[in-house]
Amino acid sequence: MTAITHYKAEIRFAVILTAVVALSMWASRYIPDEYFDGAITPILMSASTAVALCCAWITVRHSEGYRMRRIWAWTLLIWGLLDGIYVLSWLLMGKPVMNMGAYEITTMELALGNLLGWSLLLFPTEALRPGWLNARRALLQILPMYVLIALDYILPVNLRILVALYPAVLIVLLLTHVREYRLWCEDNFSSLEDIDERSIIRYIFVGFLIVAVYIYMCVSHDHARGFTQQWLVIFILAYGTDLILFRRDPWEQVWLSMKSNSPKEDIQTQSNEAYRQALEEWMEKEKPYLNPDFKLVDLQNVLPMNRTYLSQFIHAEYGCSFYLFVNRYRVEEAKRLMNENPGMKMADVSASCGFSSPSVFSRTFTAIAGQLPKDWVKN
């Protein structure tokens, strides 16, 4: 994926999201207040229910055993079931579970709203911290929120703003792991073009907008306060499903590679010097770096270590990440090709050396060699 593709994705996302927010806010100004609870909100709830359950069905059918897709399917199921309960209560009893036009957020709305907001953070948590999320940690994330709700119900103190702010706190904590995620990818992959943390950040940004509207719902007496939020919910459910099904999941690739390989010894049986010599001989003879999908766990073909020890070994012996270690070999290979074939096109050099695209080749070559490939050829 080139930088131009990233740029187009950012523009497309910004245009669609701006249109959703602007049109929903504009439309809400012209809808009579009495129609919100009686018609508009049930219709939007029905739409979000349909989108959530449909996307859950698609995700389950195409889960292929991927952990991240299973987590997203559970998120969609939670949304679909809770919104479906609202719709059924409106159809069967004529009395909605949540009154979007009420002047005050109820305790039930706080509990359900925060539960739904928390569920939307399960996917980016798993994406940014692969393998960290489990049932116990997920419950510990949501427990303080319900403690605040209980205290708000028991004590003569209004804690609802703090409750509404809790999902925003989780989002801020989540964003602190973006750099850690980038470093983790550099320690495990030789190409980062299909591993795009920007898409996760865009998802988190939509979640932050939903939380912001939710906070506004807690302090505002505007009857249209849930209108924009419902459209944002439908947007994030569809966007998240597209992201899950078509985004490359780095952790699953590492996990599948580890499953396909035979178990490796964790105990170091040789010196680091011997391992280093074996690795360098293998890299120079077999040239595995010519494969754009070359991963850290592929080093297990020559080094009897697990993934953690492999990463530590590369850092200790070469003072860099696996990503930089491999791309140094690719740059040297590119220099050899350009030296032996002066008229060779840069696109052909890029493809021959294991780079995912010419733009990545140019950027990586410049970072390592200190000059553009064409300038290196001239000099």
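Please treat every number below as a calculation from the coordinates, not as lab data. A quick note: this is a predicted structure, and the numbers were derived from the prediction, not measured.
Please label the shape of segment 302-353 as rounded, prolate or oblate, based on the square roots a ≥ b ≥ c of the eigenvalues of the alpha-carbon gyration tensor (a/c under 1.5 means rounded; beyond that, a/b larger than b/c means prolate, else oblate).
Judged from the Cα gyration tensor, segment 302-353 comes out prolate (a/c at least 1.5, a/b above b/c).
What residues have an amide H closer than 5 Å to that of residue 189, excluding those fewer than 5 places away on the same chain, when H is modeled at 1.01 Å from N in the peptide plane?
296, 323
Once fully extended, how much extra length lies between residue 19 and residue 108, figured as 0.36 nm per residue of separation less the alpha-carbon to alpha-carbon distance?
Roughly 28.9 nm would be gained on extension.
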